[in-house]
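J.: I am attaching a structure below and will ask some questions about it afterwards.
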Amino acid sequence: MTQQTLVAGIRASGKLHIGHYLGLIKQLLDTQADPNNRCFYFIADLHGITTPFESKELSQNTLDIAATYLSLGIDPNKTTFFLQNHVLEHATLAWIFNCITPLGELYRMTQFKDKVEQQTSGGGKKVSMAGKIGIQISQNKEVANAGLLTYPCLMAADILLYKPSAVPVGEDQVQHVELARLIAKKFNGKFGKIFPEPQTYLRKPLRIMSLQDPTKKMSKTGDEALLLDDTREEIQRKLKKAVTASDASGKASAGVDNLFLLMNSFSPEKTKKYFADKQTEGLLQYSELKQTLADDIYNFFAEFREKKKELLNKPDYLAEILGDGASRARKVAGQTLLEVKQKIGLL
Ligand code: AMP
């Protein structure tokens, strides 16, 4: 059977919650488990610096994310796992793509418009840029940076360097993969065929909802999310407060559905059946369900926590894994970049 190459970028910062685990990481692990897949997973640290960051925290966060993914099961023997900034070909190819991509295509990107708004919220003088598109940039110190605009060219380089057949992405990234396909087509048409036009491999749109407002997706704020690093007490406390009591807005039943969805993923069969029966009989006690679920989620991640602690105590070993991943990635990326340079006439 022919091998399939898959590329995925991982956010370099931010605390991961169980929504990330079920909606993203588990699928990367499943993909890795198929021996027909050749996986390139990288921590997108160059993308990470397009939004405000603290230098002191950047390296610590990156190491934390690397340790998290490795402890959850990313296997460096099966997957080429590396930091984006270690493979210089990403930035070089991104520059070449910058030079063949019309600005108009970049201004169209929904995520660019959203992020500009986030970075410049709080006012500042409004300047109309790019004519009709009417993007507002503020002149305060958080003015949107150029990296935010050219981000999709870097993403196209991230993908196309490995000539993948498919790119597993969340819905929010579909537009960027479409642009990568457009760039591949444009490059091939102008200079000669090098790149495949990769398909989007849309991850199952599983949505884990907020514990506090189960009509919204779980995200990283306050008590609405269960973080992978949470202690048993934190998990218990947050679940105890999870919305299940009846209210008029329908949030209560969405909240209960969400807890059952979590139970389905983290609890043993026997527990699932016990609570499903209780619900059918109308005897379900939310406090009992929440307590059991808290224990099951805590236990599910017990091994992960141990491994992560161990890895973070061995920064040299972590660096060795990332270094090895980068050198394997470089072999493939370097070859592609060489072909690109030859096609466009760069000596
Ligand atoms: P974010 O950190 O919010 O940019 O999320 C990165 C990716 O993680 C998304 O594209 C989703 O695939 C996944 N994800 C994040 N939050 C959730 C959630 N609450 N439920 C399911 N998947 C999620």
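J.: Enter the per residue convex hull volume of the chain, computed from alpha-carbon coordinates, in Å³ rounded to the nearest integer. Walk me through the intermediate numbers first.
T.: On the way: hull volume 60.0 nm³, N = 347.
Hull volume normalised by residue count: 173 Å³.
J.: Still on this structure, I have one more. Return the long-range amide H neighbours of Ile43 (sequence gap of 5 or more, or a different chain), with a cut-off of under 5 Å between placed amide H atoms.
T.: Ile10, Phe82, Leu83, Gln84
J.: Search the structure for amide H atoms under 5 Å from the amide H of Ser210, placed 1.01 Å from N in the peptide plane, and list their residues when 5 or more places away or on another chain.
T.: Under 5 Å from the amide H of Ser210 lie the amide H atoms of Lys216, Lys217, Met218, each far enough along the sequence or on another chain.
J.: Under a Cβ-only charge scheme (Lys and Arg +1, Asp and Glu -1), can you give me the dipole magnitude of the chain about the Cα centre, in debye to the nearest 20?
T.: Rounded to the nearest 20 debye, it is 1020 debye.
J.: I would also like to ask the following. For Thr5, which sequence-distant residues (separation of 5 or more, or a different chain) have an amide H within less than 5 Å of its own amide H, given hydrogens modelled in the peptide plane?
T.: Arg38, Ser165, Ala166
J.: Loop by DSSP (not H, G, I, E, B), at most 16 other beta-carbon atoms within 10 Å: where is the longest site-free stretch of the chain for GluC sites (Glu not before Pro)?
T.: Here the longest run is 143-347.
J.: Now, a different point. Helix-only estimate, please: 222 nm mean residue ellipticity of the chain, summing -39500 (n - 2.57) across DSSP H runs of length 4 or more and dividing by its residues, to the nearest 500.
T.: -16500 deg cm²/dmol
J.: Further question on the same structure: Under the Karplus relation 6.51 cos²θ - 1.76 cosθ + 1.60, θ = phi - 60°, what is the ordered set of whole-Hz ³J(HN,Hα) values for the stretch 228-235, x standing for Gly and Pro?
T.: Once rounded to whole Hz, the list reads 5, 8, 4, 7, 4, 5, 5, 4.
J.: Among Asp296, Asp114, Asp45, which one shows the biggest mean-square fluctuation in a GNM of the chain, springs joining Cα atoms closer than 10 Å?
T.: Looking only at Asp296, Asp114, Asp45, the largest GNM fluctuation is found for Asp114.
J.: Straight-line reach from Lys240: which aspartates and glutamates have Cα under 16 Å away, leaving out those fewer than 8 places along the same chain?
T.: Filter leaves Asp213, Asp223, Glu224, Asp230, Asp257, Glu288, Asp295, Asp296.
J.: Against the 2.2 N^0.38 Å scaling, with N counting residues, where does the stretch 222-304 land? I'd like the Cα-based Rg ratio to two decimal places.
T.: Against the compact-globule rule of thumb, the ratio is 1.07.
J.: How much of the DSSP beta bridge set in the chain is antiparallel, as a percent to the nearest 5?
T.: 20 percent
J.: Calculate one ³J(HN,Hα) per residue across the stretch 93-107 by plugging θ = phi - 60° into the Karplus curve 6.51 cos²θ - 1.76 cosθ + 1.60, and present them in order as whole Hz with x for glycine and proline.
T.: Per-residue couplings from phi come out as 5, 4, 4, 4, 5, 3, 7, 10, 10, x, 3, x, 4, 6, 5 Hz.
J.: Now for a different question. Each residue of the stretch 7-23 in order: what ³J(HN,Hα) in whole Hz does its phi give by Karplus 6.51 cos²θ - 1.76 cosθ + 1.60, θ = phi - 60°, with x for Gly and Pro?
T.: Using θ = phi - 60°, the values come out as 10, 9, x, 10, 4, 7, 9, x, 6, 8, 10, 5, x, 4, 4, 6, x Hz.
J.: Please report the net charge: other residues with Cβ closer than 15 Å to the Cβ of Ala91, K and R +1, D and E -1.
T.: Combined, the nearby Lys, Arg, Asp and Glu give -1.
J.: Continuing with the same structure: Listed here are the pairs Lys217/Lys290; Lys216/Lys270; Lys56/Lys217; Lys78/Lys238; Lys186/Lys217; which of them are more than 28 Å apart at the Cα?
T.: Pairs exceeding the cut-off: Lys216/Lys270; Lys56/Lys217; Lys78/Lys238; Lys186/Lys217.
J.: So for the pair Glu57, Glu320, with labels modelled 7 Å out along Cα→Cβ, what separation do we get in nm?
T.: It is 3.2 nm.
J.: On to the next question. How about the stretch 1-96: which chymotrypsin sites (Phe, Trp or Tyr not before Pro) there are in a DSSP loop, with at most 16 other Cβ atoms within 10 Å of their Cβ?
T.: Here the chymotrypsin sites (Phe, Trp or Tyr not before Pro) that fit, given the DSSP loop and packing criteria, are Phe53.
Coordinate-derived values only; no laboratory data. All values reported here derive from a predicted model rather than from experimental measurement. Reconstructed Cβ throughout: ideal geometry from the backbone, glycine too, with neighbour counts over all protein chains shown.
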